Amino acid sequence: MPVHSSEHFSRQSNDSSFPTLWDELQWRGLIHVSTNEDELRDLLAGEPITYYCGFDPTAPSLHLGNFVQLMLMRRLQLAGHRPLGLVGGSTGLIGDPRPTAERTLNTPEVVAEWVGYLQAQVAKFLSFEGDNAARLVNNLDWTSPLSAIEFLRDIGKYFRVGTMIKKDAVSTRLNSDEGISYTEFSYQILQGLDFRQLFVDHNCVLQTGGSDQWGNLTSGVDLVKRSLGSTVHAIGTPLITNSDGRKFGKSEGNAIWLDEKLTSPYAVYQFWLNTDDADVVDRLKVFTFLTRAQIDELGEAVATEPFRRLAQRTLAFEVTTLIHGEAATLAAIAAAEALFGQGDLAALDEVTLASAIDALPTAIATAGSPVTQVLLDAGLVASLGEARRAIGQGGVYLNNVKVDDDAALIGQSVLHGKFAVLRRGKKTLAGVRIG
RNA sequence: GGCUAGUUACCCAAGCGGCCAAAGGGAUCUGACUGUAAAUCAGACUGCAUCGCAUUCGGGGGUUCGAAUCCCUCACUAGCCA
């Protein structure tokens, strides 16, 4: 288990100005649906309880969508409750029904590898010390020994097909041309089983998750009630959406991952910095531990002096620090200031420039490389044709100077003899090392 | 098992033998305007390339001078019947 120094968590606390934790969670917009509001308010305000949230290994890393869940978990822990971080070694082998299409199954080896990655990520956001230390669990531990007969006799009997079919995730698919396989149809049973197991083993009485998982959350609540006669609870967080209707958590069509190898701290910082004015206050509530007073102040700043982008800067700093730590965040800021600064890039000292370039996707080139090829190598464009088009549209800059000839060579402009900065559009950058 | 409808580019969706690299919408990207914001307007959006070429319309195989469009077959999906 990873152990963090206390300073790692020192900036994190709930806001004591709220009468109860529940009120704060509501104000932050972390609660979209729940089993029983009054009971939950009391439950969370009382003696420590054990709660869990599950993450399925459908990718090698968690992303910003999962980050909402991690924030809620951490807030509950800060209030004294005991978290169980579940990574779904078995549910990940099945896949929950997506509204659009049947999932492609991953091999058990791949899923097992991803389980390890996700566990490490979940662990970063929870404290494993003290009376309410977090624990990691894997549902493969209790699902894998079950035989098909045991599963059908002992668990299946508690599930009514009529109820299962009515769940949104299932009915959406049944009503689509896509249909649904028995495999994915069964998913809700597995997740229900998890809640029952954790209730029995750890007296876990609350499950949190995204509201799109609501059907799966209640599946567990119902199973515990039917099979054991006990009442347990669930909280569904809202789906985070952008005010303009675009999907939250994507940048240029790519998900923002929590793994720095997949999404650099620089890219994470840039993502948050570019938050719309209309959304920034909501984001501050959900994704930072700033107090209500601080957030109100930032909201005021958006209204009165939007051009300073104080709220966006604060949001980007806070979230990037949560995910990657303060050192990486400061480096990302320094890189951004160097690259987006008013000054001439050639005027930057070599050390600053080198570290700024380190923060960007980079390509290796020679002085004689065509700019179009380097654009492609750096991932700024998808093809040479697109590179030429971008140049033709006046959207490509080499060291902040517009490239107007699609036959231009990198070597025409090199910084400190070994670097160049390529930019596409206003803010998509790549570093080039001359080798 | 039978019958019917369907499978088109990132998503939705036209096309029903040549004028189809394939209408339209959305998403995305770029330009202008800005605050590394939004809204708006303009352009791009299979790849390579000097109005040309190559690869696409679920997979495979045919018919034809020529197919996304017709035929056969396989796979998958939905609905109805058994």
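The values are calculated or read from the model by the stated rules, or taken from the named source; none is laboratory data. For clarity, every value in this text was computed on a predicted model and none was experimentally measured. Neighbour counts are summed over all protein chains in view; Cβ atoms, including those assigned to glycine, are modelled from backbone coordinates with ideal geometry. We work out accessible area using only protein heavy atoms, side chains counted, and drop any ligands, DNA or RNA first. Shrake-Rupley method; radii C 1.70, N 1.55, O 1.52, S 1.80 Å.
Scan (1) touching a Pro at 6+ places or on another chain (Cβ under 7 Å); (2) open to solvent by 40 Å² or more (accessible area, probe 1.4 Å); (3) not aromatic (Phe, Trp, Tyr) for the single condition A:ARG153 breaks and write down its number.
(1)
Quick check: is even one residue across the stretch A:140-163 within 16 Å of RNA strand B (Cβ to nearest atom) and either outside the structural domain of A:VAL232 (by TED's automatic domain parsing) or assigned to a helix (DSSP H, G or I) (or both)?
Going through the stretch A:140-163, the residues within 16 Å of RNA strand B (Cβ to nearest atom) turn out to be A:161-162.
Still in the list and also either outside the structural domain of A:VAL232 (by TED's automatic domain parsing) or assigned to a helix (DSSP H, G or I) (or both): A:161-162.
There is at least one residue in the stretch A:140-163 that is within 16 Å of RNA strand B (Cβ to nearest atom) and either outside the structural domain of A:VAL232 (by TED's automatic domain parsing) or assigned to a helix (DSSP H, G or I) (or both).
Here is a list: A:LEU105, A:LEU146, A:LEU140, A:LEU152. Which entry is in contact with a Ser or Thr (Cβ under 6 Å, 6 or more places away or on another chain) and farther than 22 Å from A:ILE323 by Cα?
That would be A:LEU140, the only listed residue that is in contact with a Ser or Thr (Cβ under 6 Å, 6 or more places away or on another chain) and farther than 22 Å from A:ILE323 by Cα.
Working only within the stretch A:27-61, note down all residues that are under 18 Å from A:THR241 (Cα atoms) and open to solvent by less than 20 Å² (accessible area, probe 1.4 Å).
Going residue by residue through the stretch A:27-61, those that are under 18 Å from A:THR241 (Cα atoms) are A:27-33.
Those that are under 18 Å from A:THR241 (Cα atoms) and open to solvent by less than 20 Å² (accessible area, probe 1.4 Å): A:ARG28, A:LEU30.
Tell me yes or no: at least one residue of the stretch A:406-415 is hydroxyl-bearing (Ser, Thr, Tyr), in contact with a helix residue (DSSP H, G or I) (Cβ under 9 Å, 6 or more places away or on another chain) and open to solvent by less than 10 Å² (accessible area, probe 1.4 Å).
no
Just the residues that are farther than 25 Å from A:LEU25 by Cβ, at pLDDT below 90 and open to solvent by 30 Å² or more (accessible area, probe 1.4 Å), please, taken from the stretch A:223-256.
Within the stretch A:223-256, A:ASP244, A:GLY245, A:ARG246, A:LYS250, A:SER251, A:GLU252, A:GLY253, A:ASN254 meet the criteria.
Regarding the stretch A:203-212, can at least one residue be identified that is in contact (Cβ under 8 Å) with a residue 12 or more places away in the chain and either within 20 Å of A:ARG153 (Cα to Cα) or over 26 Å from the mean Cα position of the chain (by Cα) (or both)? Before you say what the answer is, go through the steps one by one.
Narrowing the stretch A:203-212 to residues in contact (Cβ under 8 Å) with a residue 12 or more places away in the chain: A:203-212.
Those still in the list that are either within 20 Å of A:ARG153 (Cα to Cα) or over 26 Å from the mean Cα position of the chain (by Cα) (or both) too: A:203.
The answer is yes; a qualifying residue exists.
Results for (1) of a type in the set (A, V, I, L, M, F, W, C); (2) over 29 Å from A:GLN121 (Cα atoms), shown as yes or no for each residue.
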position: A:VAL319; (1), (2): yes, no
position: A:GLU350; (1), (2): no, yes
position: A:PRO370; (1), (2): no, yes
position: A:GLY379; (1), (2): no, no
position: A:ILE391; (1), (2): yes, yes
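Would you check if A:ALA301 is within 13 Å of RNA strand B (Cβ to nearest atom), under 17 Å from the mean Cα position of the chain (by Cα), farther than 24 Å from A:SER10 by Cα and free of Cβ contacts under 8 Å to residues at least 40 places away in the same chain?
Judged against the criteria, A:ALA301 is not a match.
Anything in the stretch A:197-249 that is of a type in the set (D, E, K, R) and within 19 Å of A:ASN36 (Cβ to Cβ)? List them, or say none.
A:ASP222, A:LYS225, A:ARG226, listed by residue number.
What single numbered condition from (1) farther than 20 Å from A:GLY65 by Cβ; (2) within 20 Å of the chain's Cα centre (by Cα); (3) outside any loop (DSSP other than H, G, I, E, B) fails to hold for A:TYR117?
That leaves (1) as the condition not met.
What pairs come out if I take residues in the stretch A:368-397 that are over 13 Å from A:VAL432 (Cα atoms) and pair them with residues that are in a loop (DSSP other than H, G, I, E, B) and charged (D, E, K, R) whose C-beta lies under 8 Å away, six or more apart or interchain?
Within 8 Å, the pairs are A:ALA387/A:ASP406; A:ARG388/A:ASP406; A:ILE391/A:ASP404; A:ILE391/A:ASP405; A:ILE391/A:ASP406; A:GLY392/A:ASP406; A:GLY394/A:ASP404.
Given the structure, is A:THR237 over 26 Å from A:GLU326 (Cβ atoms) and within 15 Å of RNA strand B (Cβ to nearest atom)?
Against the criterion (over 26 Å from A:GLU326 (Cβ atoms) and within 15 Å of RNA strand B (Cβ to nearest atom)), A:THR237 does not qualify.
When residues of the stretch A:203-222 are filtered for being open to solvent by 10 Å² or more (accessible area, probe 1.4 Å) and touching a Gly at 6+ places or on another chain (Cβ under 6 Å), how many remain?
2
Name the residues in the stretch A:307-322 that are assigned to a loop (DSSP other than H, G, I, E, B) and free of Cβ contacts under 8 Å to residues at least 12 places away in the same chain, would you?
Matches in the stretch A:307-322: none.
What is the residue count in the stretch A:315-331 for residues that are within 12 Å of RNA strand B (Cβ to nearest atom) and surrounded by fewer than 21 Cβ atoms within 10 Å (Cβ to Cβ)?
Residues that pass the stated criteria total 1.
Exactly one of (1) among the aliphatic types (A, V, I, L, M); (2) in contact with a His (Cβ under 8 Å, 6 or more places away or on another chain); (3) part of a strand (DSSP E or B) is unmet by A:LEU86. Its number?
Failing condition for A:LEU86: (2).
Looking for something hydrophobic (A, V, I, L, M, F, W, C) and open to solvent by 60 Å² or more (accessible area, probe 1.4 Å) - is there at least one such residue anywhere in the stretch A:173-186?
yes
Are there any pairs, at least 6 apart or on different chains, whose C-beta atoms fall under 7 Å, with the first in the stretch A:348-365 and outside the structural domain of A:THR329 (by TED's automatic domain parsing) and the second surrounded by fewer than 22 Cβ atoms within 10 Å (Cβ to Cβ) and of a type in the set (Ser, Thr, Tyr), and if so, which?
A:ALA359/A:SER264
Any residue in the stretch A:412-435 that's closer than 14 Å to A:LEU348 by Cβ: show its pairings with residues that are away from RNA strand B (no atom under 16 Å from the Cβ) and in a loop (DSSP other than H, G, I, E, B) at Cβ separation under 7 Å, as long as the two are six or more apart or on different chains.
A:VAL414/A:ALA367; A:ALA420/A:SER413; A:ALA420/A:VAL414
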